[in-house]
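Just below is one structure, and these are the notes that go with it.
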Amino acid sequence: MKYFEKKLGERGGYVKYYIQEPHVEIDPNRKFPTLVICPGGAYLWTSFREDESVALRFLAEGFNVAVVHYATEGREAYQVETVDDLPASPATVFPNPLVELATAVAEIRNHKEEWAVDEDYIIVGGFSAGGNLAAQLGTLWHEDWLSNLVGENKETYRPTHLLLAYAALDFTPRKLPSHGEINTILHATTGELELNQEKIDRMNPIKHVSKYTPPSFIWHTLEDVLVPATDALSFSQALSKVEVPYELHIFNKGKHGLVLGDLRTGIKLDQANAQVYK
């Protein structure tokens, strides 16, 4: 296995790569499925809980893994007393994270021979806000404007499948104030403090599901109070209407941020769910 990191864009993003290596003792010509992970973090940071532990779990199952740390301002930048102290031009304003993710996926296809990539399985997955970002790519990859921004043929960053875990799929900015009542997600994704429905609709995956959206594996929990399970249900229904295959799992137990479903990614019993783990 090869591990390395690469800079992503000019805003501070980077990608962590865990690349399998074919071996003559097994199969020197083997190609490996690749999972591209987008950690969550409300577009304020990228969560460690949805990073290395997830990568190692899938690496052990025979996947190449790339963890995309799209550029963020960091939580500290939003722990402010007044709106005057907010970041002036957040790195996470749409479509910046989407362009970074598309660039990371293109990098994988452009190294398909060197990294023994199975092009039939380039899966883009994400958790929470990272799931929103993964679904953005899944629903917008075919758009010409995105290809112009990425500077690559759109087929180079096309996901073959999506893996969406407690993802914000019917995106409306949830109110997660720092100090006071500043809607941090709204500001991080639009650069504004007031709701601009046109901007929200541009980044809202549910608005862009089409025949071009790849087959999707979706899971959520009913006890999630930050991102409701209805997001997963609505997205699945939208896929069904355009006859895109999907698999949906809604678990009764588990709060937001369940990750792997065991205590590798948490210290509390409500961060564990044996059904999710399996």
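The values are calculated or read from the model by the stated rules, or taken from the named source; none is laboratory data. Bear in mind the structure is a predicted one, so any value in this text is a computation, not a measurement. Cβ coordinates were reconstructed from backbone atoms using ideal geometry, including for glycine residues, and neighbour counts include every protein chain displayed. Heads up: the accessible areas ignore ligands, DNA and RNA and are worked out on the full protein's heavy atoms, side chains in. Shrake-Rupley method; radii C 1.70, N 1.55, O 1.52, S 1.80 Å.
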Hits in the range 94-118 - residues which are in a strand (DSSP E or B) and either among the basic types (Lys, Arg) or out of contact with any helix residue (DSSP H, G or I) (no Cβ under 7 Å at 6 or more places or on another chain) (or both):
118
Give me a count of the residues in the range 53-93 that are assigned to a loop (DSSP other than H, G, I, E, B), touching a strand residue (DSSP E or B) at 6+ places or on another chain (Cβ under 9 Å) and under 13 Å from residue 13 (Cβ atoms).
4
Those residues of the range 98-133 which are open to solvent by less than 20 Å² (accessible area, probe 1.4 Å) and β-branched (Val, Ile, Thr) amount to 105, 108, 117, 122, 124
Give the residues of the range 129-181 that are at pLDDT 95 or above, of a type in the set (Ser, Thr, Tyr) and within 25 Å of residue 58 (Cβ to Cβ), sorted by residue number.
139, 156, 157, 160
Residue in the range 197-223 that is farthest from residue 141 (Cα to Cα), counting only those that are modelled with pLDDT under 95 and open to solvent by 50 Å² or more (accessible area, probe 1.4 Å):
223
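Matching residues to (1) open to solvent by less than 30 Å² (accessible area, probe 1.4 Å); (2) modelled with pLDDT under 95; (3) within 15 Å of residue 104 (Cα to Cα):
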residue	(1), (2), (3)
4	no, no, yes
51	yes, yes, no
63	no, no, no
74	yes, yes, no
79	no, yes, no
Selection count, the range 143-152, where residues are within 22 Å of residue 10 (Cβ to Cβ), touching a helix residue (DSSP H, G or I) at 6+ places or on another chain (Cβ under 9 Å) and either part of a loop (DSSP other than H, G, I, E, B) or open to solvent by 60 Å² or more (accessible area, probe 1.4 Å) (or both):
3
Checked the range 124-142 for anything outside any loop (DSSP other than H, G, I, E, B) and of a type in the set (A, V, I, L, M, F, W, C); matches are 124, 127, 129, 133, 134, 135, 137, 140
